[in-house]
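Bear in mind these aren't lab numbers, they're just calculated from the coordinates by the rules spelled out. In this text the structure is predicted, and so the values were computed from the model without any measurement. All Cβ positions, glycine included, derive from the backbone under ideal geometry; neighbour counts span all protein chains shown.
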Amino acid sequence: MLNKKDKMDKRGFEFSFVWLFSLIVGAIIIFLAIYAATKLIGSSEYEINTKTAADLRNVLNPLGTSFEDSKSEKIELIRDTRVYITCNSEKGYFGENRIQLSEKSSFKDWSEPGGDIAIENQYLFSENSIQGETLYFIVTPFEMPYKVADIMSVFSQKYCFVNTPEKIEKEIESLKGNILPINLTNSINQCEINSITVCFQNSGCDINVKGACTDKECEGDLYKNGFVEKNNTQIYYSGELLYGAVFSSPENYQCNVKRLVRKLGYVSEVYSEKSRLSANRCNTGLQSDTILLSKLSESYKNLNDLKILESQADIINTKNKALGECNLY
Amino acid sequence: MENLGQLKIQQMVFMIIAVALFFILATLFYFSIKTANLYQASIESERDRSIGLIIKLASSPELSYTGVSNGIDSDKLMALKKQPEYRDYWGVNGIIIEKLYPKYPDAECNTGNYPNCTKIILFEKDGDVAQSASSYVALCRKDSINGRAYDKCELALMVIQTLENEF
């Protein structure tokens, strides 16, 4: 009798083949479902990041300067975002910047970066990657001697400028408004701990600016050109390129300057042809000078060559000013 | 008992195939909707880019006329026609500027008839045009009367064409 009961109990816990089969198949289906869901979320994040990068590119177009000297702007993103900015000076005729975005994800730390979006007609001077919910822009025209393009300095961190020369201080004050997180102080000790410090003529900051303009054409403005020391690298700047040099990584800076100089060559060709076309209505006589500037741009190798371009640009500028109403630009 | 087990396995297999088919169809449906949305997003993105560009283009150094708000330099346009490097620079299919007033002979501008012409086609690529954005501009050039230079500006319409499927 006892033996029979034992036998009955054993039949109650029987683990048949059907059970085993359905468990295995069920596990496979659940695994595939989870895998597919994860992949779909990943592709959705990729799509969102790519779309946001394309939107950011579209927003950049109206940011450029027209007749104003320079301007500042900020773009607020929906959530904490990493923006990767690269520069390639060899792509096509004008080179390109590429932007790629990665948003902070609710599932993991950072989502998969989206597709990189090419920007050929803008010059983004920034660190290789910037992170934050707000992107700040300082847009200044690059003129040599005529406007070539806009220098777009992009950053997201706080900056602290120490002992800023009067002219630059005034310019930053006018740009800053309530937009830019830039603090102007007289001592490095007054800077916030998490801010990037920028010193003028002194060392000891994260970024050190050394003015080097002592010639007559500098008109007493020591910082009209000079050097920016950053990440153990010293880079030459001239005029409004100062902001690009401060806010950009050295490699992005050098690449973008190369792109700007290449564009200077093409813009000079336009001015040269304009000078020829309008000769019978308004003779400027600047055709050969602009062609020379274009040729000099073509032979540009590195930042040291900027000085040669500057001197030719000064010659054109002086002649253009003397033309009065018949000026070229 | 063996036949019953085989029947149950067959039922299970049919069920699995049905479930798998359902998931495949659902996934295909999802991706077809997603692709359609993506295409729409790319069209909208191109439209936004054209609008942004048309605001900016009149003030770009290659086109702008110094001292005139929203002014385009017609001499520069004629110069740009000769520079193929700019065909891809703005990422659009075509840029066309048409003089509206005063009236000129209805002809495309070239070195022979400029400035007595109507339309300056900066460039126009082959391909289906998805959409156009346009803006009124002042088309200006230096001119002179009795040896005295002045800015001569005329009313014109600038049209930007974008390519289909460009993203």
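Would you order A:Ile308, B:Ile33 from fewest to most other beta-carbon atoms within 10 Å of each residue's own beta-carbon? List each step's numbers first, then the result.
Values: A:Ile308 14, B:Ile33 10.
Going from sparsest to densest Cβ surroundings: B:Ile33, A:Ile308.
Find, among the trypsin sites (Lys or Arg not before Pro) in the range A:20-95, those assigned to loop by DSSP (not H, G, I, E, B) with at most 15 other beta-carbon atoms within 10 angstrom.
Numbers: sites: A:Lys39, A:Lys51, A:Arg57, A:Lys71, A:Lys74, A:Arg79, A:Arg82, A:Lys91; in loops: A:Lys91.
Here the trypsin sites (Lys or Arg not before Pro) that fit, given the DSSP loop and packing criteria, are A:Lys91.
Which number comes out as Rg/Rh for the protein assembly as shown once both Rg and the Kirkwood Rh are worked out on C-alpha atoms? List each step's numbers first, then the result.
Numbers: Rg = 31.2 Å, Rh = 26.6 Å.
Result for the protein assembly as shown is an Rg/Rh of 1.17.
Along Cα→Cβ, 7 Å out, is where each label goes; now give me the distance between the ones at A:Lys301 and A:Ile48 in nm to one decimal.
About 5.0 nm separates the two model spin labels.
Show me the GluC sites (Glu not before Pro) within the range A:190-225 that DSSP assigns to loop and that have at most 15 other Cβ atoms within 10 Å of their Cβ. Please list the in-between numbers first.
Numbers: sites: A:Glu192, A:Glu217, A:Glu219; in loops: A:Glu192, A:Glu219.
Qualifying residues, ordered by number: A:Glu192, A:Glu219.
How large is the dipole of the protein assembly as shown about the Cα centre if only Lys and Arg carry +1 and Asp and Glu carry -1, each at its Cβ, rounded to the nearest 20 debye? Each step should come with its number before you reach the end.
Values: 54 positive and 63 negative charges, 163 e Å.
I would put it at about 780 debye.
Which residue fluctuates the most in chain A, going by a Gaussian network model with Cα springs under 10 Å, if the choices are A:Phe31, A:Phe137, A:Phe21?
It is A:Phe21.
Take peptide B:15-23, look around each residue's Cβ out to 10 angstrom, count Cβ atoms belonging to other protein chains, and average those counts. Don't jump to the answer; show the numbers that get you there.
Numbers: counts 2, 6, 0, 0, 2, 2, 0, 0, 4.
For peptide B:15-23, the averaged partner shielding equals 2.
Could you state the number of Å between the C-alpha centres of the range A:30-80 and the range A:308-329?
What the calculation gives is 42 Å, centre to centre.
Tally Lys/Arg at +1 and Asp/Glu at -1 over every other residue whose Cβ is under 14 Å from the Cβ of B:Pro102; what's the total?
Values: positive: B:Lys99, B:Lys103, B:Arg141, B:Lys152; negative: B:Glu98, B:Asp106, B:Asp143, B:Glu154.
Combined, the nearby Lys, Arg, Asp and Glu give 0.
Taking the Cα atoms only, what angle lies between the long axis of helix A:250-277 and the longest principal axis of chain A, rounded to 10 degrees?
The angle comes out near 50 degrees.
Under a Cβ-Cβ cut-off of 9 Å, what is the net charge of the residues other than A:Ile207 that fall near it, where Lys and Arg count +1 and Asp and Glu count -1?
Working: positive: A:Lys230; negative: A:Asp206, A:Glu229.
With Lys, Arg at +1 and Asp, Glu at -1, the neighbours total -1.
As I understand it, the value is the acute angle between the Cα axis of helix A:17-60 and the longest principal axis of the Cα atoms of chain A; what does it come to in degrees, rounded to 10?
The two axes meet at around 10 degrees.
A:Glu76 to B:Ile33: FRET efficiency via 1/(1 + (r/R0)^6), r the Cβ-Cβ distance, R0 25 Å, to the nearest 0.05? Before the final figure, lay out the partial values.
Working: r = 30 Å, r/R0 = 1.20.
After rounding, the FRET efficiency stands at 0.25.
How well do other chains shield peptide B:54-64, expressed as the mean number of their Cβ atoms within 10 Å of each residue Cβ? Before the final figure, lay out each step's value.
Numbers: counts 2, 4, 10, 3, 1, 8, 8, 15, 9, 1, 4.
Average per residue, whole number: 6.
Where does the charge balance sit around B:Asn113 when Lys and Arg score +1, Asp and Glu -1, over other residues with C-beta under 12 Å from its C-beta?
-1
Please give the direction-averaged projected area of the C-alpha convex hull for the range A:32-105, in square nanometres with one decimal.
Working: hull surface 29.2 nm².
Spelled out: convex hull of the Cα atoms, projected over all directions, averaged, 7.3 nm².
How far is helix B:2-57 tilted, in degrees, relative to the longest principal axis of the Cα atoms in chain B, given as a value from 0 to 90 rounded to the nearest 10?
The angle comes out at about 10 degrees.
I need the shape label for the range A:195-329. Rule: rounded when a/c is under 1.5, else prolate if a/b > b/c, else oblate, with a, b, c from the alpha carbon gyration tensor. Before the final figure, lay out each step's value.
On the way: a/c = 3.11, a/b = 2.02, b/c = 1.54.
Prolate, because a/c is 1.5 or more and a/b exceeds b/c.
Quote the relative contact order of chain B in percent (integer), defining contacts as alpha-carbon pairs under 8 Å separated by 6+ residues. List each step's numbers first, then the result.
Working: 243 pairs, mean separation 40.4, N = 167.
Reported relative contact order: 24 percent.
Ignoring everything except DSSP H segments at least 4 long, calculate the 222 nm mean residue ellipticity for the protein assembly as shown; use -39,500 (n - 2.57) per segment, divide by total residues, nearest 500.
Values: 9 runs with 193 residues, N = 496.
Taken over the protein assembly as shown, the calculation gives -13500 deg cm²/dmol.
Could you list A:Trp19, B:Trp90, A:Trp110 so that the one with the fewest beta carbons within 10 Å of its beta carbon is first and the one with the most is last?
On the way: A:Trp19 10, B:Trp90 22, A:Trp110 14.
Ascending number of Cβ neighbours within 10 Å: A:Trp19, A:Trp110, B:Trp90.
For the range A:256-329, run through the trypsin sites (Lys or Arg not before Pro) and keep only the ones in DSSP coil with at most 13 other Cβ atoms within 10 Å of their Cβ. Kindly include the intermediate steps, with their values, before the conclusion.
Working: sites: A:Lys258, A:Arg259, A:Arg262, A:Lys263, A:Lys274, A:Arg276, A:Arg281, A:Lys295, A:Lys301, A:Lys307, A:Lys319, A:Lys321; in loops: A:Arg281, A:Lys301.
Of the trypsin sites (Lys or Arg not before Pro), the ones in loops of the range A:256-329 whose Cβ has at most 13 other Cβ atoms within 10 Å are A:Lys301.
Within 10 Å of each Cβ of A:26-34, how many other protein chain Cβ atoms are there on average?
Details: counts 1, 0, 1, 4, 0, 0, 2, 1, 0.
Mean shielding by partner chains, rounded to a whole number: 1.
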